[in-house]
Amino acid sequence: MSQETCHDNEPMGRGAPERTESRAGCGALSGGDSQSERGNRHARCGSRIIPSENDIATANAVPAIAGVTLVLGGARSGKSAFGERMVAESGLTPLYLATSRAYDDEMRDRIRHHVARRGPDWTTVEEPDDLEGAIAREAQPGRAVLVDCLTLWITNLMMADADIAARSTGLCATLRATTTPVVLISNEVGLGIVPDNAMARAFRDHAGRLHQEIAALADEVYFVAAGLPLKMKG
């Protein structure tokens with residue numbers, strides 16, 4: 001659709017009347033128009049705005065890493081890749097703290113995919129249970145730590161019948177004490193319908209409470225959807 005066409009419900013072919021009122025409604029785009037004026041006229045027309053190279057660069061830019069950063073998102077939202085880029089581009093030595101257990105072939109394939117994406121510059125430490133101790137031990141000067149992910153850690157704690165409230169409090173205390181940048185990835189699982197079984201509801205509730213506790217102490221919080229990060233705090 002051309003930028004001169006405001007509506008697609010009327011014919012514009014040969015013999016159709018000239019669309020003078022539509023053009024007047026949109027307004028002609030002149031070289032002297034400000035960017036906001038041009039954007040408003042595009043919006044009234046419903047026409048497509050093609051982003052500039054600067055717009056694309058800004059959208060793809062990775063923010064400087066903060067002290068504690070929480071990155072939330074749904075499955076396949078791009079949250080892990082976003083967190084990895086934050087750590088990789090920080091200029092610090094990247095360390096990946098993995099909480100997953102490889103129970104089956106599907107999980108092993110996921111792990112292989114993540115390892116290949118990160119590349120050889122990363123050090124990987126696997127700790128499915130003692131996340132608090134691992135952060136205290138591995139968060140050394142000159143490093144940036146990526147924890148992926150909190151919801152798998154909660155799953156492991158639930159399977160072990162651990163006191164999740166106490167463990168969450170301990171994790172928050174560890175994060176407050178660290179001076180090394182830590183990025184924590186987690187799945188936002190509270191946006192769907194209420195689960196139909198008690199265990200799934202408990203998992204959702206544990207995750208939601210932990211997210212609130214960490215978000216309260218975090219320097220920055222992001223929500224990622226379709227690969228696009230939305231900054232919620234910081």
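The values are calculated or read from the model by the stated rules, or taken from the named source; none is laboratory data. Everything numeric in this text was worked out from a predicted model, so none of it was measured. Glycine also receives a Cβ, built like all others from the backbone with ideal geometry; neighbour counts cover every protein chain displayed. Side chains are part of the model used for accessible areas, which takes the heavy atoms of the whole protein and leaves out ligands, DNA and RNA. Shrake-Rupley method; radii C 1.70, N 1.55, O 1.52, S 1.80 Å.
Using a 1.4 angstrom probe, figure out how much accessible area segment 166-234 has per residue, in square angstrom, rounded to the nearest whole.
Normalised by residue count, the accessible surface of segment 166-234 is 53 Å².
Spacing of the modelled spin labels on T178 and E106, each 7 Å from Cα toward Cβ, amounts to 2.9 nm. Distant-in-sequence amide contacts of C149, defined by a placed amide H-H separation under 5 Å and a gap of 5 or more residues or a different chain, comprise T99, S100. Exposure check, 1.4 Å probe, all protein chains in place: H113 carries approximately 110 Å² of accessible surface. Counting Lys and Arg as +1 and Asp and Glu as -1, what is the net charge of the other residues whose Cβ lies under 12 Å from the Cβ of F223? Charge balance in the 12 Å sphere: +1.
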